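The values are calculated or read from the model by the stated rules, or taken from the named source; none is laboratory data. If you're wondering where the values come from, they're calculated on a predicted model, not measured in any experiment. In this analysis, Cβ positions are derived from the backbone assuming ideal geometry, glycine residues included, and neighbour counts consider all displayed protein chains. Surface areas here come from the heavy atoms of the whole protein model, side chains and all, with no ligands, DNA or RNA. Shrake-Rupley method; radii C 1.70, N 1.55, O 1.52, S 1.80 Å.
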Amino acid sequence: MSARFGLRSLVLLTACTVSALAVAGTAAHADSNDDEKVLLKGSTTASYFWDDASGRAGDTGLPASGKPMQKGLAASPSWPLMTEGYVVYKGKKMPFFVGDRGPGVPSNRGIMLDLDAKTFAELTGGTFNSDTLHVDGNGGQGHIEVDYVITKWGKGPGRKNYPVPFSTGAWAEQDNNPAEPPPAATETAPTSFSKTTAAVLAGAVAVAGGSAALTSDRIRGLINL
């Protein structure tokens, strides 16, 4: 094999390898939900409720938004009604929208989100009891620590920021200065791509009979990664 032929083969092999890795990287990137707008992230203690105007189990009537009680309808002490987002508990992700106000006094103790009973049951591995409006079979859990993400703010009054107790009255204030969205996660793919590319090319050089002196570090320099 001539030096010219060997170099040309290496160049072609490099181009094919880089192209294949670029395609793989693009596919992985496309699988992520890049269109989701993260406006606020945080953690809080969540309770549960089910107000269907039946008067059972402390039911206080229909939700403040006028929407019927349903799975995914949550109550917040300060976020605007119709705010949308999701909670994560032990790896389980469930969507919600703010359709009611609450919890009341518990929000003074850091319980800043009242999930509907059906969502709470699914998160904790229990079942919703339609007779008692309680969650059964979850070991008696009534409060859980959740992470929340807000993806859309409601248009009405309410605080567009980290939740505050109901007693502050923030739920009735018009907030025209929502919280600044958190910064996007740092992209780490290029570093991983460099190491992978160099490793593959080093192996390719060895198979092609290239010089042992052409190490992965030198290859990285050649392809400017």
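What residues of segment 138-159 lie in the reach of a label at Gln70, counting those whose backbone N is under 20 Å from a point 7 Å from the Cα along Cα→Cβ?
151-156
Once both labels are modelled 7 Å past Cα along the beta-carbon direction, what's the Glu145-Glu180 spacing in nm?
2.8 nm
Taking Cα pairs under 8 Å and at least six residues apart, what relative contact order does segment 80-123 come out at, in percent?
Taking the mean separation of contacting Cα pairs over the length of segment 80-123, I get 31 percent.
At most 15 other Cβ atoms within 10 Å and a DSSP loop assignment: could you name the trypsin sites (Lys or Arg not before Pro) in segment 80-147 that fit?
Details: sites: Lys90, Lys92, Lys93, Arg101, Arg109, Lys118; in loops: Lys90.
For trypsin sites (Lys or Arg not before Pro) across segment 80-147 that sit outside H, G, I, E and B with at most 15 neighbouring Cβ atoms in 10 Å, the list reads Lys90.
Using the basic label-point model (7 angstrom from Cα toward the beta carbon), what is the Lys93 to Lys37 distance in nanometres?
1.8 nm
How large is ³J(HN,Hα), in whole Hz, for each residue of segment 153-164 in order, when computed from phi with the Karplus curve 6.51 cos²θ - 1.76 cosθ + 1.60 and θ = phi - 60°, using x for Gly and Pro?
Taking θ as phi minus 60°, the curve returns 8, x, 8, x, x, x, 7, 8, 7, 4, x, 10 Hz for segment 153-164.
Work through the residues other than Lys90 whose Cβ is under 12 Å from its Cβ and net out their charges, Lys, Arg +1 and Asp, Glu -1. Before the final figure, lay out each step's value.
On the way: positive: Lys92, Lys93; negative: Glu122, Glu145, Asp147.
The answer is -1.
Mind listing the phi-derived Karplus ³J(HN,Hα) values for segment 133-143, rounded to whole Hz, using 6.51, -1.76 and 1.60 with θ = phi - 60°, and x for any glycine or proline?
Residue by residue, segment 133-143 yields 6, 9, 9, 10, x, 10, x, x, 5, x, 9 Hz.
Enumerate the amide H contacts of Thr151 below 5 Å, restricted to partners 5 or more residues apart or on another chain; note that Pro and chain-start residues carry no placed amide H.
Amide H to amide H, under 5 Å and 5 or more residues apart or across chains, Thr151 pairs with Leu39, Glu84, Gly85, Tyr86.
Return the lysines within reach of Lys37: Cα separation strictly under 28 angstrom, same-chain partners fewer than 8 residues apart disregarded; answer none if there are no such residues.
Lys67, Lys71, Lys90, Lys92, Lys93, Lys118, Lys152, Lys155, Lys160
Tell me, what % of the accessible area of segment 61-190 is carbon and sulfur with a 1.4 angstrom probe? Mind showing how you got there, number by number?
On the way: 3520 of 6560 Å².
Its accessible area is 54 percent carbon and sulfur atoms.
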